[in-house]
1. Given B:Gln230, B:Gln208, which one is within 20 Å of B:Asp50 (Cβ to Cβ) and at pLDDT 90 or above?
2. Of all residues in region B:473-529, how many are assigned to a loop (DSSP other than H, G, I, E, B) and either hydrophobic (A, V, I, L, M, F, W, C) or over 27 Å from B:Leu213 (Cβ atoms) (or both)?
3. Do you know which of the residues in region B:410-422 that are buried (at least 24 other Cβ atoms within 10 Å of the Cβ) and among the hydroxyl-bearing types (Ser, Thr, Tyr) is farthest from B:Phe604 (Cα to Cα)?
4. Of all residues in region A:179-219, count the ones that are among the polar types (S, T, N, Q) and either touching a residue at least 40 places away in the same chain (Cβ under 8 Å) or in contact with a His (Cβ under 9 Å, 6 or more places away or on another chain) (or both).
5. Please identify the pairs in which a residue from region A:14-43 that is farther than 25 Å from A:Ala80 by Cα and more than 8 Å from every other protein chain (Cβ to nearest Cβ) has its Cβ atom under 9 Å from the Cβ atom of a residue that is of a type in the set (A, V, I, L, M, F, W, C) and surrounded by fewer than 16 Cβ atoms within 10 Å (Cβ to Cβ), counting only partners at least 6 apart or on another chain.
6. Test B:Gly461 against the stated conditions and say whether it is surrounded by fewer than 16 Cβ atoms within 10 Å (Cβ to Cβ) and touching a Phe, Trp or Tyr at 6+ places or on another chain (Cβ under 7 Å).
7. Return the residues of region A:49-90 that are in contact with a Pro (Cβ under 9 Å, 6 or more places away or on another chain), buried (at least 20 other Cβ atoms within 10 Å of the Cβ) and not hydrophobic (A, V, I, L, M, F, W, C); say none if nothing qualifies.
Amino acid sequence: MTSHQEIYKEIKTITQKLIEVSLCDQQNFPSSTSIGRDSYEIAYSGMQDLSIALKNINYKDIYHELDKGKNYNFKMIDGALIQLLYTYRKSELISHRLAFLPSPFLEFFQNDPTIYEADEIYADIIAKNILPVPIRFDYDPDNHKELDHPKCHLTLGQFENCRIPVCSPITPNTFISFIIRSFYNTAFRKFTDDLTFSSSLFDKTITVAEEKVLHIAIY
Amino acid sequence: MVNVIRGDVDNKPVSSRRLAEYFENRPDINGSLYLGYPIIGTPQGGYQIDALLLSREHGIVIFNIIEGTNINIDIEEAQDESVTKVQSKLLQHKNLTERRKLMVEISAVTFAPALNNTPNDVSEDYPIITNESTLGEYLKSCKWENNQYFESLSSVIQAITSIRKRRQRSYVQREDSRGAKLQRLEDSIANLDNNQSAAVLETVEGVQRIRGLAGSGKTIVLALKVAYLQAKHPDWNIAVTFNTRSLKNQFKHFINTFTIEHTNEEPDWEKIKIIHAWGSPSTEGIYYEVCKKHNIEFRDLNAARNLTNISGQEFDKVCEEALDKIQNFDQYYDAILVDEAQDFSKHFLQLCYKILKSPKRLVYAYDELQSLNNQTMESPDVIFGKDTYGNPCVELQNKSGEPKQDIILEKCYRNSRPLLTSAHALGFGIYRNEGLIQMFDDAGLWRDIGYKVEEGNLEEGKPVKLSRTSNTSPIFLESHSKIDDLIIFKSFNNNREQNEWLVKEIEKNIREDELKYDDIMIIHSNPFTTKDAVGSSRALLFEKKINSNLAGVTNSRDDFFSEEAVTFTGIYRAKGNEAAMIYVINAHECFSGAELSRKRNILFTAMTRSKAWLRVLGYGEDMRGLVKEFEEVKKRNFVLEFTYPTEEERIIMNVINRDMSPKEHERRIQNQRNLKDIVEDLEKGIIHKEDLSPELIEKLKKQLF
């Protein structure tokens, strides 16, 4: 079982690496707050939980609200926001929320387009046919309902009932590595040496029935 | 001397002019006469004062002006109202009062030069003046004892106090820290100078040009002008346009504060547009709007590439195309103000001109030296062309007794004298071993931007020695710190050493010097490699618990600084912004090589972002060269000494140091490689001289020697 200290350390290292290769423009320091005996919330400094308040509003507004309040671990070069939140109670992981929220305002940077363009890293990002899709990995065993609400699940595009089963909770390294590999591939290949993320895994939480539908797994 | 500043007096022009003429002929009075100003915010909206004299001798004299002979107004009431309005405004400023008493003398008079007889029913306490001699007599009776308040009073009248004082530094503890010095510096800059107030208030029925150095206050002047114009003409549609996105919020802040000062109300944002030049379906823009209004195809950057393959000219081309395609222009703006006009081609300015209603109130402000793409601004007759009779559509003339059409802001309030002269020295390569890199075609421009000839002549082929005066570069900008602390040029052995020093210094700035995060800006010289170059220093800072931003590549591009993080930026986004402590990193990239004038302009622009301290860092041989150039300016006590190049020499400079298109660039490298191969093969005997055709050899000889 990965401890809260390890998670905190992973996030710290990730932040530093992303700054180093200049994949993020802005970032917050990771934080670890004690919320009881052997209980911790791992987030970022200045975190404000808006997940409920922003439930029923337009994605553009959600994004704007989070961006304005600096509610993220990092803001990537293309404006995507990444949040990494973990809660431990009595030394045990009881929830996580890992979100990738791409910028809905993506378009040519008119101010100095040449620079924006000249950089190959942007190549992944500025193609016109791209539709930004928010991605979230949630771990929420308290609300588990077999098949309807897997303990760990992946939500694509903020669809209310999109909960694709995931085999186990996801570590920060696994998540970031997935994001960068998939959405910042040019950068990933360019900085292969700098961006290796070793990954430890959490124990399996998926049920047998859930394994029988299309799901996400990592071993 | 009385400096007359001509605001908008469109409903009382004749009497106002007579008043102005009177004061222009009174060299014995020290102060300013404002026409059509100030406008004072009251619960009922803006209250307009017809004219106001502000002088050391008299304090404030308010003039209620009557044009013609019609006196249907209650003169007593009008004078009372003006006085109480001005009084209430001044009373709000603590530095003008002692206990509960206002220390400013306020007099009021009605000026009615066309009147033959003054009405009898007005009490003697309410003077009515119909001719100049009575005016002279009257002024003698207005005496101000407490004129030590003059400076504070000027700054309040110019309504600038509240705008400049936006940074509170109450956290400052140590008298001698950088934070404390900065606080004092910021307080000293609160006054507008005469040129600036003229630029704000004088409204031209036509085109107006404002030129000024970096730090001369062009942006603030334009913003104040917008606020003033709206206060005077609430129904006008006004646009402010610019190229650097990060200026938007600055504009908004200034316009807002100043409008509230004038009218007690928020500006009417329906009427004022702070609008980008290009625009897109999701962002307002002058060009985008033109396309929509005239139903022509809008081109974004990608589409613009089909019109030109020269990078940097895309916007020029789309504007040119729009001008070609549109026969009849809609005219829908009453005034357009263009900031950073040096970044635009004449086609954009023409576009603005076309969509303006008559009398075409176009104000464009620029700084020739800040052009990053080496374009120079053309003269107004080239920009706006000629009419059907061959006369220039626009001529800029400063006629006496009329608002100025061509304003130069020669005083620089941002950069200290040593810093500014160093920036010029390096920008032009004044002390470069291989000689000058570029030079103004018009030698007189040096005077315009505030230099004085110490020795020699500003003439082609003649040696000259130029320096800045305390008038154009105020002393308080440099006296807060020692020269060796104002500017540091430092050369390192490698990038790692540079970064370590940088990080150590920033840490000191934050933890010991009492500087705020947004007092610090790190500018990278080469815009194309900024992101790669700054990563390691940012990571190092992060380790030391100091957060940093890479200036708004993404959607927050309207903002620039952050209060919790120091800002790293490339040169383009740094433009138009300033910070107290500037670090220019990898400066060696600006030392030599192809496209040198562009590189030196980058260095110049980066250096002039600093309003207090500057550190220029880099490594390797080139950086040592740059340090040497700086040491030379310093050794000569920041005087520029050179022989003014002739036209021929300037042409050669322009060719050598020109900007190249990517194609040209590639070709140059390719050719150099080929030539090198040929020489090497000749040396090795792989090919022989005799293998080359004699004609070719002859041609080569001719070209090369």
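The values are calculated or read from the model by the stated rules, or taken from the named source; none is laboratory data. Treat the numbers as computed from the prediction; the structure is a model and nothing was measured. Every residue, glycine among them, receives a Cβ derived from its backbone with ideal geometry; neighbour counts consider all protein chains shown.
1. One residue alone meets the criteria, B:Gln230.
2. Count: 8.
3. That would be B:Ser416.
4. Residues of region A:179-219 among the polar types (S, T, N, Q): A:182, A:185-186, A:192, A:196, A:198-200, A:205, A:207.
From what's left, either touching a residue at least 40 places away in the same chain (Cβ under 8 Å) or in contact with a His (Cβ under 9 Å, 6 or more places away or on another chain) (or both): A:185-186, A:200, A:205, A:207.
Count: 5.
5. As it stands, the answer is A:Ser39/A:Ile94, since those pairs meet every condition given.
6. For B:Gly461, the condition - surrounded by fewer than 16 Cβ atoms within 10 Å (Cβ to Cβ) and touching a Phe, Trp or Tyr at 6+ places or on another chain (Cβ under 7 Å) - is met.
7. If the condition is that a residue be in contact with a Pro (Cβ under 9 Å, 6 or more places away or on another chain), buried (at least 20 other Cβ atoms within 10 Å of the Cβ) and not hydrophobic (A, V, I, L, M, F, W, C), then A:Tyr63, A:Asn73, A:Asp78, A:Gly79, A:Tyr86 are the ones that fit.
Yes/no per residue for (1) modelled with pLDDT of 95 or more; (2) in contact with a Leu (Cβ under 9 Å, 6 or more places away or on another chain):
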| site | (1), (2) |
| --- | --- |
| B:Leu436 | no, no |
| B:Asp442 | no, no |
| B:Trp446 | no, yes |
| B:Glu459 | no, no |
| B:Leu477 | no, yes |
| B:Ser481 | no, no |
| B:Ser491 | yes, yes |
| B:Trp501 | yes, yes |
| B:Glu507 | yes, yes |
